[in-house]
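Bear in mind that the values in this text are calculations on the coordinates, not laboratory data. Since the model is a prediction, treat every value here as computed from it, not as a measurement. With ideal geometry, Cβ positions are generated from the backbone for all residues, glycine too; neighbour counts draw on all protein chains shown.
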Amino acid sequence: MNKFLASVAGAGGVGTAGALGYGIHDGWFSSESQTSFKSRINKEERVILDEAHASVWKQLLTEYKDKSKAKHLIKGIGQDSPTEQEFKNWCSGKHESTSVDESEFNSYVSWCTRENLITKLKGKSKNWNHSTENSGWAKAKSSYNSNETEDIRIPAESGNEKIAKDAITEEQLKNYCKKASSMPFVSDTDVDFKRSEKWCVSQ
């Protein structure tokens, strides 16, 4: 497949204070017209957004309105009063697009997809713990046992309770982080991002 780099002013660093801009991403653009936009996305690094990602759409709207930082704007959608529905409608109509317009594809990547938590943390030089063995989560468990910050404790599998620091198991940490690995990044203040940064990276 013919690939070339698509406008990479930054390393996927959207949604963070001090970032070069919003909508900036590492990526590639295919000049082969038979390849749909959604199939060009590396699913191991980014999430294609849908109705289940309400918090991400809300964050994207905030970023898009920032005239000093927003990049790869969507043609036809202004920055003064865009709506989430405009974003969703535009993205829905572009998933199957085979356009060779690089600018349009960059807009799609920036505003219809989002880096996942693994990718975001990798950009902060933090490597995800991919261990499938409970023993690989012993350090995370020890850290959880001694942590007093309640808001970053992981949720129980059922109900709305968080798992107490003395009740956590390696398997619970492993299972939570496996689920979190496919979550899209929302912002640095998002609770799943904070939990993942604390418990899901190599200790």
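Observations on the structure shown:
- For the cross-link pairs 71/174; 71/178; 69/165; 88/179, the ones whose C-alpha atoms lie over 30 Å apart are 71/174; 71/178; 69/165.
- Reported to the nearest whole Å, the Cα centre-to-centre distance from segment 113-129 to segment 42-112 is 20.
- The packing ranking of peptides 101-111, 139-149, 185-195, highest mean first, is 101-111, 185-195, 139-149, where packing means the average number of other beta carbon atoms within 10 angstrom of each residue.
- Shown is the FRET efficiency for residue 75 and residue 130, computed with R0 = 35 Å from the Cβ-Cβ distance and rounded to the nearest 0.05: 0.35.
- Applying 1/(1 + (r/R0)^6) with R0 = 30 Å to the Cβ-Cβ distance of residue 178 and residue 58 gives a FRET efficiency near 0.70.
- Stretched out straight at 0.36 nm per residue, the stretch from residue 51 to residue 100 would grow longer than its current Cα-Cα span by 15.0 nm.
- Pairs of alpha carbons in segment 121-199 separated by more than 15 Å make up 55% of all such pairs.
- Karplus (6.51, -1.76, 1.60) ³J(HN,Hα), θ = phi - 60°, over segment 38-49, in Hz, Gly and Pro reported as x: 5, 7, 7, 7, 6, 5, 7, 10, 10, 10, 7, 6
- Taking amide hydrogens as placed 1.01 Å from N in the peptide plane, the amide H of residue 46 sits under 5 Å from those of 116, each at least 5 positions away in sequence or on another chain.
- ³J(HN,Hα), Karplus 6.51/-1.76/1.60, whole Hz, each residue of segment 147-153, x for Gly, Pro: 8, 9, 7, 5, 5, 9, 5
- Other residues whose C-beta falls under 11 angstrom from the C-beta of residue 162 contribute a net charge of 0, scoring Lys and Arg +1 and Asp and Glu -1.
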